[in-house]
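Student: Mind looking over this structure? Questions follow.
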Amino acid sequence: MRKALDIALNDLRVFFKDRGNLVGLIVVPIVMTIVVGIGNGALAGDAPQRVRVDVVDADGTALSAGFIEGLRAANRTLALCPFDSGEDDLCGLGDDRTLTLARALERLVAANTTAVVEIPAGFEAKLQAGEPVNVIYHANDALSAQNIALQAVQAVAGRMGGAQVASALAGRLADSDGLALTDPAARAAFQQSAYERAAELWSADPAAVAYRLSAQPETRITSRQAGFGQSVPGMGSMFVMFTVFGALYVLIRERANWTIQRLVMMPVSRGQILAGKILTWFTLGVIQFLVVFAAGLALGVNFGKDLLALAVVMLAFTLCVTALAFAVSTLLKTEIQANSISLLLALTLAPLGGAWWPLDIVPPFMQTLGRISPVAWAMDGFRSLLFEGGNLGTVLLPSAVLLAAAGVFFALAVRRFRYD
Amino acid sequence: MQTMVEVRGLAKTFRRADGTAVQAVKGIDLDIFKGEVFSLLGPNGAGKTTTISMISGLLTPTVGDATIGGHSITRQPTQAKRLLGVVPQEIALYPTLTARQNLEFFGRMYGLSGKALATSVDEVLEFIDLRDRQKDRVETFSGGMKRRVNIGVGLLHKPQLVYMDEPTVGVDPQSRRRILDTVMRLKEERGMTVLYTTHLMEEAQELSNRVGIIDHGQIIAMGTVGDLIQKVGEEDRLFLKVGDQAVSDEVLRRIQERVPGVTRAVYDPPGAEGEDRSNTSGVIIVSAKRGRRALPQLIQIAMEAGIEIQSVEVREPDLEAVFLHLTGRALRD
């Protein structure tokens, strides 16, 4: 182990002797993190992020309008389309602002909206008759934002259902207590009055606050957090790949210079040599992460409450990328190949895995495809910590996937690594 | 004499990308004795580096084994390598590190540390005469200075056996002289055993107690320089420079048949346009007893064939002649 450590220390000394490497390790990643952070809205101000929910009102009555108003009141972050689209076309409807159920469902499949709320025809009539009525809620399971809409729908449905029960109860009371409301119109007016009163009371009920996102201040996302919270782990992951994939070129050059062969001819085992080389590039990957995360800290990014979980994701990803680099290095022969492949890998795996933008905004098939990139798993872990108040438990799955992949890549690398 | 290196049936077969097998070394037997300089002499591609790479543990033999100081390179590689100092043909150094940093790192790989490491590095710097440049980056050194650091790395742990693979390749004559003197000092002052590979017969002849001549992956002759020269008897070699003029097989046949004492006549054609030419390209090489007496007839036959001889050189028997005698080819081929 001592010799592996000596090899790693020597390689790190060689790396840092080249001042050009410092530019690639510090300056470029920080600049890119800031630029991509701004691109992701870091300096856009702290206006709340709106979550699109398409509402198709097939009833068109006062009660259905009340339902929609209830949704809006339940959560102000919801953009109820097409009603809230406004001049800046918040809903992304284009010139045609009408929204049919078919169109709304198409938008859902294309991830242009997070959910579709369908208010069926006869909604008001059935509600007033005390009959069961279903508000149909369509959602895309791949989108986490749909939970916010679902909570709002549940809250409003519950409230309206409750008001309807109050109304029905009032009708029964009118009959049983001999209030002399024999005139059907008077009875209906009494019931309506009871409903409105109940609905008014429901809306004033503090319990409704439980469904509002703003009730969870610790997960409130500022624009700074939204922008740099995406770019810091994203660019960090990408530049870890750039740095660690540098091993592809350096290993080939070391073979050409015969420094690896010279080590083999010394009383050093092949295992010690490989361990030393792996330790070198793993350490550089961790340093790269720390540089970008330190910049993130300076930019005001909140890394969440669980720094241990953050370290676990960071180390698991770096180990996975290091193992991948050493596995790929067994296939390459020239420095030109090494440069091309390292660029190709980093520039493919980074956007595919959501390093440049959140995977939530890409089509579902791209989200699925992105899972082949270790970046996607790392970003799952990072985003749960930075945006959802996650902890060690929430990063276990992505970290386990990264470590399993690292195990497979290391097995390939150890088996096929060339020393001559 | 005590044996330092014992090689038995050592062979290496490489597999090409198309699946065909190439036997680079074909079962070598070899003994190198303690305290001697043993040169492995052969043309490029003869199998010298492959043989040495197997002895030093870089390549695993396909068949056979070798021992260094009694330790098998296949079964006890770490013990065997502790006795071995390696000087590869390439400048296997970190160019951005200083001479001292390079020596310190490789010293640690040989298991040195602390004061022992510092003392050893100082001694080596003194030995290779680079103490005043120890804090300079290796990339700022001349080719000869880099070669000296490259040699120094192999001496750090005071090995019993030093292997040097063509250490004078690409250096100027002054640096070459210095390297050859270093080899002699290793033997004489430190009593080290040196395994030296070269394709330059002058180096092998000057340095070696014994020489093994290798060609096409086989040792074709082995012994002291004197023993080997005995193989060709008293034959001189005559080098008739003809430049770019064509020399037919008929002319060579006539030389062998008509000139008394001639045992062999070969033509070493000039290299292609722009190719780096050695001093034997465009030359008719004739092996003959009492070579000077054969000279007038050789010139006569050349004139008859319309070949103008530009210069003539007569050489006494040497290792080049031995190689020519054994293989029918010049050593540089």
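The values are calculated or read from the model by the stated rules, or taken from the named source; none is laboratory data. Owing to the predicted nature of the structure, the values given are computational and were not obtained by experimental measurement. Please note: Cβ atoms are built from the backbone with ideal geometry, for glycine as well, and neighbour counts cover all protein chains shown. Ligands, DNA and RNA are stripped out before the accessible areas are found, and what is left, the full protein with its side chains, is counted by its heavy atoms. Shrake-Rupley method; radii C 1.70, N 1.55, O 1.52, S 1.80 Å.
Student: Go through the stretch B:31-46 and give me each residue that's surrounded by fewer than 24 Cβ atoms within 10 Å (Cβ to Cβ) and in a loop (DSSP other than H, G, I, E, B).
Tutor: B:Lys34, B:Gly35, B:Glu36, B:Pro43, B:Asn44, B:Gly45
Student: What number of residues in the stretch B:101-137 are within 13 Å of chain A (Cβ to nearest Cβ) and either in contact with a helix residue (DSSP H, G or I) (Cβ under 6 Å, 6 or more places away or on another chain) or under 17 Å from A:Gly276 (Cβ atoms) (or both)?
Tutor: Selection size over the stretch B:101-137: 14.
Student: On to the next question. If B:Ser53 passes every condition in (1) of a type outside the set (A, V, I, L, M, F, W, C); (2) within 14 Å of chain A (Cβ to nearest Cβ); (3) in a strand (DSSP E or B) but one, which one does it miss?
Tutor: (3)
Student: Just to be sure I understand, how many residues within the stretch B:166-200 are of a type in the set (Asp, Glu) and closer than 18 Å to B:Val5 by Cα?
Tutor: The total comes to 0.
Student: Identify the residue in the stretch B:56-94 that is β-branched (Val, Ile, Thr) and in contact (Cβ under 8 Å) with a residue 60 or more places away in the chain and, among all such residues, is farthest from the other protein chains (Cβ to nearest Cβ).
Tutor: So the residue we want is B:Thr67.
Student: While we're here: Between A:Ala79, A:Ala4, which is at pLDDT 85 or above and within 14 Å of another protein chain (Cβ to nearest Cβ)?
Tutor: Among A:Ala79, A:Ala4, only A:Ala4 is at pLDDT 85 or above and within 14 Å of another protein chain (Cβ to nearest Cβ).
Student: Do any residues in the stretch A:267-278 that are under 14 Å from B:Thr74 (Cα atoms) and touching a residue at least 24 places away in the same chain (Cβ under 8 Å) have Cβ atoms under 7 Å from those of residues that are open to solvent by less than 40 Å² (accessible area, probe 1.4 Å) and β-branched (Val, Ile, Thr), where the two are at least six apart or on different chains, and which pairs are they?
Tutor: Cβ pairs passing all conditions: A:Arg270/A:Val264.
Let's see how each residue does on (1) part of a loop (DSSP other than H, G, I, E, B); (2) of a type outside the set (A, V, I, L, M); (3) within 26 Å of the chain's Cα centre (by Cα):
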{"site": "A:Thr318", "(1), (2), (3)": "no, yes, yes"}
{"site": "A:Ala327", "(1), (2), (3)": "no, no, no"}
{"site": "A:Asp360", "(1), (2), (3)": "no, yes, yes"}
{"site": "A:Met379", "(1), (2), (3)": "no, no, yes"}
{"site": "A:Ala411", "(1), (2), (3)": "no, no, no"}
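Student: Now, a different point. Can you tell me which residues in the stretch A:73-88 are open to solvent by 50 Å² or more (accessible area, probe 1.4 Å) and under 20 Å from A:Asn112 (Cβ atoms)?
Tutor: Result: A:Phe83, A:Glu87, A:Asp88.
Student: Restricting attention to the stretch B:71-84, does a residue exist that is under 25 Å from B:Lys146 (Cα atoms) and open to solvent by 60 Å² or more (accessible area, probe 1.4 Å)?
Tutor: Yes, some residue in the stretch B:71-84 is under 25 Å from B:Lys146 (Cα atoms) and open to solvent by 60 Å² or more (accessible area, probe 1.4 Å).
Student: Another one. Just to check your reading of the model, which residue among B:Met192, B:Met222 is at pLDDT 90 or above and open to solvent by 60 Å² or more (accessible area, probe 1.4 Å)?
Tutor: None of the other options fit; the residue is B:Met222.
Student: When only residues in the stretch A:9-29 that are within 36 Å of the chain's Cα centre (by Cα) and crowded, with 20+ Cβ neighbours inside 10 Å count, which is farthest from A:Gln230 (Cα to Cα)?
Tutor: A:Phe15
Student: Something else about it: Search the stretch A:10-53 for residues being modelled with pLDDT of 90 or more and either touching a Lys or Arg at 6+ places or on another chain (Cβ under 9 Å) or closer than 30 Å to A:Gln151 by Cβ (or both), and hand back the single one that is farthest from the other protein chains (Cβ to nearest Cβ).
Tutor: A:Asp11
Student: Given (1) more than 14 Å from chain B (Cβ to nearest Cβ); (2) out of contact with any Phe, Trp or Tyr (no Cβ under 9 Å at 6 or more places or on another chain); (3) open to solvent by less than 30 Å² (accessible area, probe 1.4 Å), identify the lone condition not met by A:Gln337.
Tutor: Of everything listed in (1) more than 14 Å from chain B (Cβ to nearest Cβ); (2) out of contact with any Phe, Trp or Tyr (no Cβ under 9 Å at 6 or more places or on another chain); (3) open to solvent by less than 30 Å² (accessible area, probe 1.4 Å), A:Gln337 misses just condition (3).
Student: What number of residues within the stretch B:59-88 are outside any helix (DSSP H, G or I) and in contact with a Phe, Trp or Tyr (Cβ under 8 Å, 6 or more places away or on another chain)?
Tutor: Number of matching residues: 5.
Student: A:Gly276 versus (1) at the interface with chain B (Cβ under 9 Å from one of its Cβ atoms); (2) open to solvent by less than 10 Å² (accessible area, probe 1.4 Å): which is the lone unmet condition?
Tutor: With (1) at the interface with chain B (Cβ under 9 Å from one of its Cβ atoms); (2) open to solvent by less than 10 Å² (accessible area, probe 1.4 Å) applied to A:Gly276, the lone miss is (1).
Student: In addition: If A:Gly304 passes every condition in (1) assigned to a loop (DSSP other than H, G, I, E, B); (2) more than 18 Å from A:Val408 (Cα to Cα); (3) open to solvent by 60 Å² or more (accessible area, probe 1.4 Å); (4) not basic (Lys, Arg) but one, which one does it miss?
Tutor: Single failed check for A:Gly304: (3).
Student: Got a sec? Which of B:Ile68, B:Ile28 is more than 17 Å from the chain's Cα centre (by Cα) and buried (at least 24 other Cβ atoms within 10 Å of the Cβ)?
Tutor: The conditions single out B:Ile68.
Student: Say whether the condition of being among the hydroxyl-bearing types (Ser, Thr, Tyr), open to solvent by 10 Å² or more (accessible area, probe 1.4 Å) and touching a strand residue (DSSP E or B) at 6+ places or on another chain (Cβ under 8 Å) is met by at least one residue in the stretch B:197-208.
Tutor: Looking through the stretch B:197-208, at least one residue is among the hydroxyl-bearing types (Ser, Thr, Tyr), open to solvent by 10 Å² or more (accessible area, probe 1.4 Å) and touching a strand residue (DSSP E or B) at 6+ places or on another chain (Cβ under 8 Å).
Student: Could you say which residue among A:Phe289, A:Phe282 is assigned by TED's automatic domain parsing to the domain that holds A:Phe410 and open to solvent by less than 20 Å² (accessible area, probe 1.4 Å)?
Tutor: A:Phe289
Student: Select from the stretch A:89-108 the residues that are hydrophobic (A, V, I, L, M, F, W, C) and either surrounded by 14 or more Cβ atoms within 10 Å (Cβ to Cβ) or in contact (Cβ under 8 Å) with a residue 40 or more places away in the chain (or both) and list them in ascending order.
Tutor: Scanning the stretch A:89-108 gives A:Leu90, A:Cys91, A:Leu93, A:Leu99, A:Leu101, A:Ala104, A:Leu105, A:Leu108.
Student: Could we say that B:Leu97 is facing chain A (nearest Cβ under 10 Å) and surrounded by fewer than 20 Cβ atoms within 10 Å (Cβ to Cβ) here?
Tutor: Yes, satisfied.
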